[in-house]
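Student: Encoded as structure tokens, here's the structure I'll be asking about.
The values are calculated or read from the model by the stated rules, or taken from the named source; none is laboratory data. Just so you know, these numbers come straight off a predicted model, no measurement behind them. Counting neighbours? That spans all protein chains shown, and the Cβs are built from the backbone with ideal geometry, glycine included.
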Amino acid sequence: MSDLLDQDACAQATAIQDGVVSARELAEAAIARIEAGNPELNALSWQRFEQALQDCERVNPAAPFAGVPILLKDHRCTAAGQETRYGTTALANTTVAGTVDSNIYRAIIDAGFVVLGRTTVPEFATAFVTESEAAGVTRNPRALDRTPGGSSGGAAAAVAAGWVAVAHATDGGGSIRQPASCCGLVGLKPSRGRISMGPEAGESWAGATVEGVITRTVRDAAAVTAALAKPFLGDPYSLVTPALAPTPATVGPLRIGVMSQHPSGTPWPSGDVGAVFQKVAAVLSDRGHHLSDGFPAALAETEYQGHYDTIVDVDVELLSRKVEAALGRPVEDAELAPRNAQKRARARALDAPAYLESRYWLAGWTYRLQSWWSDVDLLMTPTMGDLPASADGSAHDADAGIVSRSTQMMAMTNFANIGGLPAISLPLGQTDAGVPIGVQFVGRPGAENILVALAAHFEAEGPWAI
């Protein structure tokens with residue numbers, strides 16, 4: 001059973017369908033591994049093991065992932081009557097219960113997955129380390145002294161540790177791709193509108209946030225994302241064409257822009273991260289792809305970060321109000337991480353026209369950003385500007401440090417969120433000590449199939465760290 005847990009979700013689904021193992025047996029094995037590993041990693045926010053074992057008896061055998069265990073991020077992906085904690089100490093003695101199944105939750109269940117519980121997050125998903133006063137420090141299975149990233153760090157740690165083959169995640173600024181990079185995994189961020197965000201809101205962070213998964217293999221990234229990508233009535237964004245291929249296709253030589261500097265002035269990665277990036281570029285050139293230095297000129301318009309921050313600030317205020325409604329009282333600044341207390345204060349000082357100005361500015365900027373892909377197929381960047389940070393519990397204490405470092409990290413990833421672009425982080429390198437290093441590829445809207453095809457080519461060459 002241990003060997004099967006170490007395989008991907010596609011293999012696990014096949015084993016269940018062929019009668020090699022039952023859904024309950026696989027869930028029990030996953031639960032045992034979680035219980036053994038969580039004291040060290042601290043990646044589980046809460047569990048529903050007994051309910052999951054009962055769910056194993058009710059899965060639809062015709063579903064593509066019937067009986068395969070999964071963990072959900074403890075942020076969004078709400079389910080009716082199921083708790084969400086958002087990583088905040090304000091909910092230490094209560095929780096926010098879902099009033100309706102979110103469309104992504106419904107899609108996960110319809111695909112046949114069995115939900116074992118939820119994974120840890122930094123408070124309100126606003127940091128690139130997964131630690132909080134509420135849940136403590138989550139550690140990276142590949143390097144226990146380092147963070148698994150954020151905000152989907154618990155999800156990445158769970159997959160890297162072999163608890164599950166696939167974990168639900170969200171990405172509003174890099175929160176699928178950066179944890180994947182930290183933990184040596186595949187992190188596919190879908191295009192805006194590929195997976196429904198409804199029905200309660202329809203969008204998050206003005207369309208910057210997307211739902212998705214973190215996986216160990218490329219075929220899981222393709223197959224699971226395809227299974228979850230379905231339109232729902234009322235979706236403000238809905239991207240149904242080109243359809244996602246459930247299996248990686250082949251692709252010819254690609255035109256790839258290599259971003260060897262950041263026009264915003266953000267310090268460019270050096271050391272191991274820079275070396276891996278240059279090595280991957282050389283490999284792509286040797287394989288016949290057409291590489292050229294370049295990046296979207298829109299990235300030089302550094303105002304986009306400030307407008308993006310405004311959107312995030314307002315979302316923190318909205319989440320704070322949701323928590324207050326659950327508590328029946330105001331949430332004090334002292335109950336929030338300092339960074340979120342600051343975000344909430346800025347949001348409360350903002351007027352409605354200023355918020356709309358940021359939304360409209362970013363919409364216009366998106367046109368300018370996307371136009372760059374008319375001449376190239378993909379943009380290649382480092383996924384992160386540095387190695388994973390230390391998992392020392394200091395993020396909520398040294399607030400200025402985490403804010404400045406998060407801003408630097410987002411410079412490599414959040415433009416794809418604002419622009420609604422698909423992107424993937426691949427585990428293409430590591431340090432001598434075995435700390436993973438990811439490389440990111442970004443495509444035009446709807447280009448997930450191209451990203452997956454390139455990723456599959458790298459994976460087939462194996463091992464991942466080239």
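Student: Given the criterion surrounded by 15 or more Cβ atoms within 10 Å (Cβ to Cβ), among the hydrophobic types (A, V, I, L, M, F, W, C), under 27 Å from ASP8 (Cβ atoms) and touching a Ser or Thr at 6+ places or on another chain (Cβ under 7 Å), identify the matching residue among LEU239, LEU254.
Tutor: LEU239
Student: Could I ask something else about it? Give me the pairs, please: first residue somewhere in the stretch 336-355 and in a loop (DSSP other than H, G, I, E, B), second residue anywhere and of a type outside the set (A, V, I, L, M, F, W, C), beta-carbon distance under 6 Å, and either six or more positions apart or on two chains.
Tutor: Once the first residue is in a loop (DSSP other than H, G, I, E, B) and sits in the stretch 336-355, its partners that are of a type outside the set (A, V, I, L, M, F, W, C) give ALA337/GLU123; ALA337/HIS396.
Student: Based on this model, can you work out whether THR241 counts as modelled with pLDDT under 90, assigned to a loop (DSSP other than H, G, I, E, B) and farther than 16 Å from ILE424 by Cβ?
Tutor: Criteria met by THR241.
Student: Kindly evaluate ALA275 against the criterion of being modelled with pLDDT of 90 or more, of a type in the set (Gly, Ala, Ser), in a helix (DSSP H, G or I) and closer than 23 Å to ALA206 by Cα.
Tutor: When the stated conditions are applied, ALA275 does not pass them.
Student: Taking the condition of being buried (at least 23 other Cβ atoms within 10 Å of the Cβ), closer than 15 Å to ALA325 by Cα and either hydroxyl-bearing (Ser, Thr, Tyr) or in contact with a Cys (Cβ under 8 Å, 6 or more places away or on another chain) (or both), how many residues in the stretch 85-116 meet it?
Tutor: Number of matching residues: 2.
Student: Looking at ALA337, ALA281, ALA297 in this structure, which one is among the aliphatic types (A, V, I, L, M), out of contact with any His (no Cβ under 6 Å at 6 or more places or on another chain) and farther than 20 Å from GLY419 by Cβ?
Tutor: Of the residues listed, the single one that is among the aliphatic types (A, V, I, L, M), out of contact with any His (no Cβ under 6 Å at 6 or more places or on another chain) and farther than 20 Å from GLY419 by Cβ is ALA281.
Student: Something else: Looking only at the stretch 14-71, filter to residues that are under 28 Å from ARG139 (Cβ atoms) and of a type in the set (D, E, K, R); which one of those is surrounded by the fewest Cβ atoms within 10 Å (Cβ to Cβ)?
Tutor: Top of the filtered list is GLU50.
Student: Follow-up. Pairs under 9 Å by beta carbon, first residue over 28 Å from VAL283 (Cα atoms) in the stretch 380-393, partner acidic (Asp, Glu), six or more apart or different chains?
Tutor: SER390/ASP145; ALA391/GLU131; ALA391/ASP145; ASP392/GLU131; ASP392/ASP145; GLY393/GLU131
Student: Among the residues of the stretch 348-394, count how many are of a type in the set (Asp, Glu), at pLDDT 95 or above and surrounded by 12 or more Cβ atoms within 10 Å (Cβ to Cβ).
Tutor: Residues meeting the conditions: 2.
Student: Does ASN60 fit the bill of being more than 23 Å from the chain's Cα centre (by Cα), part of a loop (DSSP other than H, G, I, E, B) and either modelled with pLDDT under 95 or of a type in the set (Ser, Thr, Tyr) (or both)?
Tutor: no
Student: Next question. Any chance you could count how many residues in the stretch 307-326 are free of Cβ contacts under 8 Å to residues at least 40 places away in the same chain and under 26 Å from MET412 (Cα atoms)?
Tutor: 3
Student: Just to verify a result, which residue in the stretch 203-233, among those that are assigned to a loop (DSSP other than H, G, I, E, B) and touching a Gly at 6+ places or on another chain (Cβ under 7 Å), is nearest to SER358 (Cα to Cα)?
Tutor: Per the criteria, the residue is ALA208.
Student: Kindly indicate whether any position in the stretch 293-302 is among the aromatic types (Phe, Trp, Tyr), touching a Phe, Trp or Tyr at 6+ places or on another chain (Cβ under 8 Å) and surrounded by fewer than 22 Cβ atoms within 10 Å (Cβ to Cβ).
Tutor: Yes, the stretch 293-302 contains at least one residue that is among the aromatic types (Phe, Trp, Tyr), touching a Phe, Trp or Tyr at 6+ places or on another chain (Cβ under 8 Å) and surrounded by fewer than 22 Cβ atoms within 10 Å (Cβ to Cβ).
Student: Is there a residue being part of a loop (DSSP other than H, G, I, E, B), surrounded by fewer than 22 Cβ atoms within 10 Å (Cβ to Cβ), in contact with an Asp or Glu (Cβ under 6 Å, 6 or more places away or on another chain) and at pLDDT 95 or above anywhere in the stretch 178-194?
Tutor: No: zero hits.
Student: I'd like the residue in the stretch 129-149 that is at pLDDT below 95, touching a helix residue (DSSP H, G or I) at 6+ places or on another chain (Cβ under 6 Å) and in a loop (DSSP other than H, G, I, E, B) and, out of all such residues, is surrounded by the fewest Cβ atoms within 10 Å (Cβ to Cβ).
Tutor: Once the filter is applied, the top-ranked residue is GLU133.
Student: I'm told GLN278 meets every condition in (1) touching a residue at least 24 places away in the same chain (Cβ under 8 Å); (2) loosely packed, with under 14 Cβ neighbours inside 10 Å; (3) more than 30 Å from ALA63 (Cβ to Cβ) except one. Can you identify the failing condition by its number?
Tutor: Looking at each condition in turn, GLN278 falls short on (1).
Student: So which of ALA389, ALA347 ends up being more than 20 Å from ALA411 (Cβ to Cβ) and not acidic (Asp, Glu)?
Tutor: ALA347
Student: All but one of (1) out of contact with any Leu (no Cβ under 9 Å at 6 or more places or on another chain); (2) more than 22 Å from SER264 (Cβ to Cβ); (3) surrounded by fewer than 22 Cβ atoms within 10 Å (Cβ to Cβ) hold for LEU336, so report the exception by its number.
Tutor: (3)
Student: For THR209, only one of the following conditions fails: (1) crowded, with 20+ Cβ neighbours inside 10 Å; (2) more than 17 Å from GLY420 (Cα to Cα). What is its number?
Tutor: Against the list (1) crowded, with 20+ Cβ neighbours inside 10 Å; (2) more than 17 Å from GLY420 (Cα to Cα), THR209 comes up short only on (2).
Student: Given the criteria in contact with a strand residue (DSSP E or B) (Cβ under 6 Å, 6 or more places away or on another chain), part of a helix (DSSP H, G or I) and surrounded by 14 or more Cβ atoms within 10 Å (Cβ to Cβ), does VAL312 qualify?
Tutor: No, not satisfied.
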